[in-house]
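The values are calculated or read from the model by the stated rules, or taken from the named source; none is laboratory data. Everything quoted here is computed from the prediction, not taken from an experiment. All Cβ positions, even for glycine, are placed from backbone atoms using ideal geometry, and neighbour counts span all protein chains on display.
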Amino acid sequence: MQKNDPDLWQADLPRPAQDGHKYDRGHLIVLGGVDMTGAARLVSEAAMRIGCGVCTIVSSVAAKEIYLKGVPHVMFEPYEQLRKFPLHLKDSRRTAFVMGPGAGEVDEESLRQAVLGALATKKPAVLDADALNVFADYPERLFSALNDHCVLTPHEGEFARLFPDLEGSREKRAAAAARQSGAVILLKGAQTVIATPQGDLVVNDHASPWLATAGAGDVLAGMVGGLIAQGMDVPMAAAAAVWMHGEAALRYGPGLTAPDIISGIPPILGDLL
């Protein structure tokens, strides 16, 4: 077990090449919800602030006008049907994806099919919220599709729904979940635990109670996604994102909201790079 600290991952942070272009810095695809559109927007903005070169939200055409009114540097593509979301990952320049934040009340089987189809591409992935909840009754369907390039980012409630039989300390349960699922587990909380299927364990207490605010988890998912889209080692990306997420909150202090975390990313990166 290791304590999360920049010494673990600072040397691995992606650094843009002087002669590089935006696709060299990764292209993250984000599944956008229809009703809770703020989540995907937070994911996307966080991903780009942490260095991802391109980010596209893919959602229903019904939400098109809302997403097009967002920040101009995040692109939008409509899907024909939710289960056809994986078609938007075919381009080799699309290097990672995030699914779950704000997915909301949709046809659950369609969302399961979209997740499984996306995982079949073998591209690095971050799964959160409803992308986990829809597998509560079908965990083996999810686990059979996962690999160690995937990060699951549950809070305690989501974790309990997906891994109801695991008991013990947070560290013990996260480690067992990583072995069982074959994915990297990022168990969120006041003390966040990152566990790999290979048995590595990192514990993070570098955080602020002000992170208990709406959208903070969406920002974290975007930070992890933005780093893995740039090619960073997945467990190290998870650890780096968690630490910087906490650092942004500590620097801001009382009154923190999710967008404040995002605005805090660039100066932290500047100190680390």
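Below are the figures for this structure:
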| quantity | calculated |
| --- | --- |
| Residues (among the acidic types (D, E) and either free of Cβ contacts under 8 Å to residues at least 24 places away in the same chain or touching a Pro at 6+ places or on another chain (Cβ under 8 Å) (or both)) located in the range 212-261 | D218, D260 |
| Candidates A177, A249, A239, filtered to the one that is more than 29 Å from T37 (Cα to Cα) and in contact with a Phe, Trp or Tyr (Cβ under 6 Å, 6 or more places away or on another chain) | A177 |
| Of all residues making up the range 46-55, the number that are out of contact with any Ser or Thr (no Cβ under 8 Å at 6 or more places or on another chain) and not in a helix (DSSP H, G or I) | 5 |
| Within the range 66-80, tally of residues that are at pLDDT below 95 and exposed (fewer than 15 other Cβ atoms within 10 Å of the Cβ) | 5 |
| Identity of the residue in the range 99-118, assigned to a helix (DSSP H, G or I) and of a type in the set (A, V, I, L, M), that ends up farthest from L89 (Cα to Cα) | L111 |
| Residue check, A96 closer than 25 Å to I194 by Cβ, buried (at least 22 other Cβ atoms within 10 Å of the Cβ) and touching a Lys or Arg at 6+ places or on another chain (Cβ under 7 Å) | yes |
| Helices (runs of 4 or more DSSP H) completely within the range 144-232 that count 3 or more residues being surrounded by fewer than 23 Cβ atoms within 10 Å (Cβ to Cβ) | 156-162, 170-181 |
| Residues of the range 112-139 satisfying the condition of being within 22 Å of E156 (Cβ to Cβ) and either charged (D, E, K, R) or out of contact with any strand residue (DSSP E or B) (no Cβ under 8 Å at 6 or more places or on another chain) (or both) | D128, A129, D130, N133, V134, F135, A136, D137, Y138, P139 |
| Given (1) assigned to a loop (DSSP other than H, G, I, E, B); (2) within 24 Å of A46 (Cβ to Cβ); (3) at pLDDT 95 or above, index of the condition L132 fails | (1) |
| D260 of a type outside the set (K, R) and surrounded by fewer than 23 Cβ atoms within 10 Å (Cβ to Cβ) | yes |
